[in-house]
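Q: Okay, here's the structure, questions in a sec.
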Amino acid sequence: MLVGNTQPTQTSKSYPIVIQNVLEYLNSIDQEKLALGRHELPGFDSKQAWFVVLEYNKEPLGNFKPEVHKYHSDLQIVLEGSEVMAWSLDTGTHTDAGPYNQERDLQFYEYAGIELNFIHAKRNQFYLFSPNTVHITNIENDDSQPVRKLVVKIHNDLLEAK
């Protein structure tokens with residue numbers, strides 16, 4: 001897992017090059033005018049990196065199952081509002097809460113044995129959930145404002161995380 005600032009800083013030079021390139025592109029466009037749904041990332045194979053823009057109301061933690069991805073990492077950026085995100089390291093010993101969804105590269109787990117850490121996600125920060133990171137997002141916090149979020153799906157080959 002990696003947490004950082006979406007705006008260029010001295011530290012951003014230490015991010016993986018693909019993250020630097022994605023952030024550079026996203027900072028060059030008007031994110032407020034992006035339509036909901038899937039978008040291509042110029043310079044990337046559309047099967048290896050893309051992003052979606054989402055809008056939703058947050059929900060209680062109990063409405064979600066912990067999730068993990070095998071081949072893609074999630075780079076999540078809150079554009080409007082705020083939410084709670086939860087994460088834990090994937091020990092490889094968690095109980096599946098159903099079959100792996102290959103099309104969505106998505107495995108849900110049961111909660112048993114997962115010790116969650118919580119983050120209060122805000123604007124101008126990114127949260128990279130790599131394949132060894134179980135995560136839950138869209139969790140309600142102390143405000144009822146809807147969330148507008150951008151989620152970049154990055155194939156782990158691009159991160160050299162295999």
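The values are calculated or read from the model by the stated rules, or taken from the named source; none is laboratory data. It should be emphasised that the depicted structure is a prediction, and the values quoted were computed from it without experimental measurement. Glycine gets a Cβ as well: all are built from the backbone with ideal geometry, and neighbour counts include every protein chain shown.
Each row is one residue, and each column tells you yes or no for (1) within 18 Å of Y127 (Cα to Cα); (2) at pLDDT below 95; (3) assigned to a loop (DSSP other than H, G, I, E, B).
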position: A35; (1), (2), (3): no, no, yes
position: F44; (1), (2), (3): no, no, yes
position: V52; (1), (2), (3): yes, no, no
position: G62; (1), (2), (3): no, no, no
position: K65; (1), (2), (3): no, no, yes
position: S73; (1), (2), (3): yes, no, no
position: V78; (1), (2), (3): yes, no, no
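Q: Restricting the search to region 109-157, which residues are in contact with a strand residue (DSSP E or B) (Cβ under 6 Å, 6 or more places away or on another chain), over 18 Å from V84 (Cβ atoms) and of a type in the set (A, V, I, L, M)?
A: Within region 109-157, V152, I154 qualify.
Q: Quick one: would you say I114 is among the β-branched types (V, I, T) and part of a strand (DSSP E or B)?
A: Here the answer is no, as I114 does not meet what is asked.
Q: Looking at region 80-101 only, could you name the residues that are among the small types (G, A, S), in contact with a strand residue (DSSP E or B) (Cβ under 8 Å, 6 or more places away or on another chain) and not in a strand (DSSP E or B)?
A: G81, S82, A97, G98 - these are the residues of region 80-101 that are among the small types (G, A, S), in contact with a strand residue (DSSP E or B) (Cβ under 8 Å, 6 or more places away or on another chain) and not in a strand (DSSP E or B).
Yes or no, residue by residue, for (1) in contact with a Gly (Cβ under 9 Å, 6 or more places away or on another chain); (2) closer than 18 Å to S130 by Cα; (3) crowded, with 18+ Cβ neighbours inside 10 Å:
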{"residue": "P66", "(1), (2), (3)": "no, yes, yes"}
{"residue": "G81", "(1), (2), (3)": "no, no, yes"}
{"residue": "W87", "(1), (2), (3)": "no, yes, yes"}
{"residue": "T95", "(1), (2), (3)": "yes, no, no"}
{"residue": "G98", "(1), (2), (3)": "no, no, no"}
{"residue": "Y109", "(1), (2), (3)": "no, yes, yes"}
{"residue": "E115", "(1), (2), (3)": "no, yes, no"}
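Q: Still on this model: From the list E32, E24, E55, E40, which residue is of a type in the set (D, E), over 20 Å from S130 (Cβ atoms), surrounded by 12 or more Cβ atoms within 10 Å (Cβ to Cβ) and out of contact with any His (no Cβ under 6 Å at 6 or more places or on another chain)?
A: Details: E32 fails: surrounded by 12 or more Cβ atoms within 10 Å (Cβ to Cβ); E24 fails: surrounded by 12 or more Cβ atoms within 10 Å (Cβ to Cβ); E40 fails: surrounded by 12 or more Cβ atoms within 10 Å (Cβ to Cβ).
So the residue among E32, E24, E55, E40 that is of a type in the set (D, E), over 20 Å from S130 (Cβ atoms), surrounded by 12 or more Cβ atoms within 10 Å (Cβ to Cβ) and out of contact with any His (no Cβ under 6 Å at 6 or more places or on another chain) is E55.
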